[in-house]
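The values are calculated or read from the model by the stated rules, or taken from the named source; none is laboratory data. None of the values given here were measured: they were computed from a predicted structure. Ideal geometry is used to build each Cβ from the backbone, glycine not excepted, and the neighbour counts take in all protein chains shown. SASA here: full protein model, heavy atoms, side chains in, ligands and nucleic acids out. Shrake-Rupley method; radii C 1.70, N 1.55, O 1.52, S 1.80 Å.
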Amino acid sequence: MAFRVILIENEVEIKVKLNNLIVTKEGNDIWIPLGDISIVVMDNLSSMLSARLLCQLSEQGIGLMLCNQEHLPTGYYSSYDNHSRASKVIGYQIEKNDQYYGQLWKRIVEEKIKNQAKAYFRMKNDPEGAEQIAGYSLGIAEGDKTNREAHAAKVYFNLLMDTSFSRGNENILLNSGLNYGYAVLRAYIARACVGYGLNTQLGIHHKNEYNRFNLVDDLMEPLRPFVDVIAYEAMKEASYFTPEHRRKLVNVLNMKIKYRNKKMYMCNMIENYVEQFASLIMERDNKIVFPDVNEFIGEEFHEI
């Protein structure tokens with residue numbers, strides 16, 4: 001299973017040879033087997049990519065995330081279809097009715113709000129605030145018709161950052177970290193969905209005709225609080241969005257979590273999570289185990 005996340009921050013030459021990605025910096029070559037790579041994050045506008053390289057990345061199922069001059073993710077490139085039975089899986093997605101997806105979205109919103117409550121307690125050690133957030137996970141209607149998700153998010157971020165905080169305000173430093181981390185998660189989930197033959201445009205709740213990743217945006221909702229914890233803890237006393245912050249957020253995929261009674265990397269958990277959704281849609285299983293913020297280990301350090 002591919003596990004490497006390649007972050008390109010400097011002007012380098014990138015090419016493919018003998019099924020390896022070769023990154024040349026200041027005359028030195030770094031060879032990385034394509035089979036080891038899950039995502040390449042391009043955070044430098046001077047590096048050039050060839051059409052041959054893009055073809056190789058898509059054929060190997062490797063995602064490519066592009067960042068703009070502000071170092072914020074602006075685009076994602078992936079394989080269009082690398083699953084042998086994609087049309088069969090899409091058939092299962094299409095045949096599910098509104099009630100089925102309404103119940104599934106209700107469960108996703110419940111798990112997201114529970115994880116927000118746990119993440120808030122982890123960051124602020126405020127049991128009353130965590131309980132207030134968790135309260136929104138109770139009594140959610142099918143399809144979340146009363147929009148508990150938005151109400152919980154407003155309370156969550158107001159308690160975390162104060163009432164002046166707005167997710168749409170680009171001048172708030174934490175938003176840069178959140179957007180960056182969410183984009184990394186989004187890219188990896190998109191890669192996993194394509195790998196399991198799922199059509200990413202066919203969402204559970206998100207139905208935007210211009211969004212190629214409706215399903216990805218649905219599946220990532222319960223995982224957003226993991227990024228919140230990483231970004232907040234790394235940036236709560238920062239004045240600028242630094243390369244170290246970006247490396248920390250990209251590294252979310254290599255952090256550890258206990259999931260389904262096993263300790264694993266976040267990237268492996270995401271693969272497992274998406275596989276369960278595909279099995280659910282194809283009626284091979286009847287449940288999904290959602291990741292729990294309380295089981296998030298983060299980076300592990302070992303004494304030498």
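What nm distance separates the two modelled labels at THR24 and GLU275, each placed 7 Å from Cα along Cα→Cβ?
Using points 7 Å along Cα→Cβ, the separation is 3.9 nm.
Counting only the heavy atoms of the protein chains, how much of THR163 is accessible to a 1.4 Å probe, in Å² to the nearest 10?
Probe radius 1.4 Å; accessible area of THR163 about 120 Å².
Nearest-5 percent of antiparallel DSSP beta bridges in the chain?
Expressed as a percentage, antiparallel bridges in the chain total about 70.
If the reach is capped at under 28 angstrom between alpha carbons, list the lysines near LYS15, excluding any in the same chain fewer than eight residues apart.
Correct list for LYS15: LYS25, LYS248.
Kirkwood Rh and Cα-based Rg: tell me the resulting Rg over Rh for the chain, rounded to two decimals.
Using only Cα positions, Rg/Rh for the chain is 0.96.
Just to confirm a number: summing +1 for Lys and Arg and -1 for Asp and Glu over residues other than ASN10 whose beta-carbon lies under 12 angstrom from that of ASN10, what do you get?
Within the 12 Å Cβ shell, the charges total -4.
Given R₀ = 30 Å, FRET efficiency for GLN132-GLU244 by Cβ-Cβ distance, to 0.05?
0.35
Could you tell me what fraction of 2.2 N^0.38 Å the Cα radius of gyration of segment 52-127 comes to, as a two-decimal ratio?
1.69
First compute the accessible area of segment 117-209 with a 1.4 Å probe, then give the percent of it belonging to carbon and sulfur atoms.
Carbon-and-sulfur percentage of accessible area, whole number: 48.
Rank ALA152, ALA238, ALA51 by mean-square fluctuation in a GNM of the chain with C-alpha springs under 10 angstrom and give only the top-ranked residue.
Highest fluctuation among the options: ALA51.
Of ILE113, ILE62, ILE172, which is the most mobile in a GNM of the chain whose springs link Cα atoms less than 10 angstrom apart?
Most flexible of the set in this elastic network: ILE172.
Over segment 111-158, average the accessible area per residue using a 1.4 Å probe and give it in Å², no decimals.
Value for segment 111-158: 50 Å² per residue.
Quick one: order SER50, SER176 from most to least accessible surface, probe 1.4 Å.
From most accessible down to least: SER50, SER176.
Quick one: how many Å² of ARG122 are accessible to a 1.4 Å probe, rounded to 10?
Answer for ARG122: close to 90 Å² accessible.
Can you give the net charge of the other residues whose Cβ lies under 14 Å from the Cβ of GLY75, counting K and R as +1 and D and E as -1?
So the environment of GLY75 carries a net charge of 0.
Under a no-solvent Debye model with one identical scatterer per Cα of segment 66-205, what's log10 I(q)/I(0) at q = 0.16 Å⁻¹?
Cα-only, vacuum Debye calculation for segment 66-205: -1.05.
What does the charge add up to near GLU95, with Lys and Arg as +1, Asp and Glu as -1, over the other residues with Cβ less than 13 Å from its Cβ?
0
Please list log₁₀ I(q)/I(0) at q = 0.17, 0.23 Å⁻¹ for segment 214-276, using the Debye equation with identical point scatterers on the alpha-carbon positions.
-0.67, -1.03
Kindly report the accessible area of segment 200-300 per residue (heavy atoms of protein chains, probe 1.4 Å, no ligands, DNA or RNA), in Å².
Accessible surface, normalised per residue, equals 46 Å².
Note down the Stokes-Einstein diffusion coefficient of segment 104-152 in µm²/s, whole number, using a Kirkwood radius over alpha carbon pairs, 10 °C, and 1.306 mPa s.
Answer, rounded: 149 µm²/s.
Heavy atoms only, 1.4 Å probe, whole protein assembly: order LYS118, LYS262 by accessible area, highest first.
Sorted by accessible area, descending: LYS262, LYS118.
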